Amino acid sequence: MDAHAYKVAVEWKAGRLGVLSSFDLPSEKNIEVVTPPQFPQGIADVWSPEHLFTAAVVSCFMTTFLSIAENSKLTFTHFSCDAKGVLATDGGKLKMTEIILQPSIGIEDDTLKEKVFRVLQKSEAACLISNSINSKVILENPLYV
């Protein structure tokens, strides 16, 4: 695959608030981003870099799962995945140390559970964002709904 570039920008607005934009997307897709409330002058109820980091992993996991499931001819009725990004001190530095993925899959045939789990494992292993970070990515056993 050829290299691709994804251009984004951030513009500071006030206090600890900025706005993310992409040259590739319309302005109504801009995202406010702030320092999270756990830090001095942090703001609640707005996306933070920590949220976006975790969101990058879980959204890549989903899109990778959808592709691998399609190629594997896996039939499912529902996919969702909760993710928890853990911010901790490691080696004297604050960093996102782990991302825990908690997928939920809807299937109509219980005999597919083993195949679903293999596809989930392949998806986590192939996720380009997970492969690009130092954080430990933990795939928990799926919940079948």
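The values are calculated or read from the model by the stated rules, or taken from the named source; none is laboratory data. Since we're looking at a predicted model, the values are computed, not measured. Glycine also receives a Cβ, built like all others from the backbone with ideal geometry; neighbour counts cover every protein chain displayed. Note: accessible area is taken over every heavy atom of the protein model, side chains too, but ligands, DNA and RNA are not part of it. Shrake-Rupley method; radii C 1.70, N 1.55, O 1.52, S 1.80 Å.
So here's what we get for this one:
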quantity: Selection from the stretch 73-86 of residues that are within 21 Å of Q102 (Cβ to Cβ) and in a loop (DSSP other than H, G, I, E, B); calculated: L74, F76, T77
quantity: Selection count, the stretch 11-23, where residues are within 19 Å of P37 (Cβ to Cβ) and open to solvent by less than 100 Å² (accessible area, probe 1.4 Å); calculated: 7
quantity: Any hit, the stretch 72-86, residues being at pLDDT 95 or above and either over 25 Å from L143 (Cβ atoms) or in contact with a His (Cβ under 6 Å, 6 or more places away or on another chain) (or both); calculated: no
quantity: Criterion (at pLDDT 95 or above, among the β-branched types (V, I, T) and under 25 Å from N131 (Cβ atoms)) met by exactly one of I107, I68; calculated: I68
quantity: Lone qualifier among F79, F117 - being over 30 Å from R16 (Cα atoms) and buried (at least 17 other Cβ atoms within 10 Å of the Cβ); calculated: F79
quantity: Unique residue being in contact with a Phe, Trp or Tyr (Cβ under 6 Å, 6 or more places away or on another chain) and of a type in the set (D, E, K, R) when the list is K13, K84, K7, K95; calculated: K7
quantity: Members of the stretch 29-65 found to be closer than 28 Å to E124 by Cα and either open to solvent by 70 Å² or more (accessible area, probe 1.4 Å) or of a type in the set (K, R) (or both), listed by number; calculated: K29, W47, P49, H51, M62, T63
quantity: The stretch 11-64, residues that are part of a loop (DSSP other than H, G, I, E, B) and closer than 18 Å to M96 by Cα; calculated: T35, P36, P37, Q38, F39, G42, W47, S48
quantity: Top-ranked residue of the stretch 120-132 - restricted to ones that are of a type outside the set (S, T, Y) and open to solvent by less than 40 Å² (accessible area, probe 1.4 Å), ranked as nearest to the chain's Cα centre (by Cα); calculated: C127
quantity: In the stretch 133-145, the residues that are modelled with pLDDT under 95 and under 14 Å from the mean Cα position of the chain (by Cα); calculated: none
quantity: Residue within the stretch 96-107 that is farther than 18 Å from V137 by Cβ, assigned to a loop (DSSP other than H, G, I, E, B) and not small (G, A, S) present; calculated: yes
quantity: Residue satisfying all of: in the stretch 101-114; out of contact with any helix residue (DSSP H, G or I) (no Cβ under 8 Å at 6 or more places or on another chain) and more than 15 Å from S59 (Cα to Cα); most open to solvent (accessible area, probe 1.4 Å) among these; calculated: E108
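To keep it simple, each residue is scored yes or no on (1) touching a residue at least 24 places away in the same chain (Cβ under 8 Å); (2) under 26 Å from S132 (Cβ atoms); (3) in contact with a strand residue (DSSP E or B) (Cβ under 9 Å, 6 or more places away or on another chain); (4) among the β-branched types (V, I, T).
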position	(1), (2), (3), (4)
V19	no, yes, yes, yes
S22	no, yes, yes, no
S27	no, no, yes, no
E32	no, yes, yes, no
P36	no, yes, yes, no
A44	no, no, yes, no
E50	yes, yes, yes, no
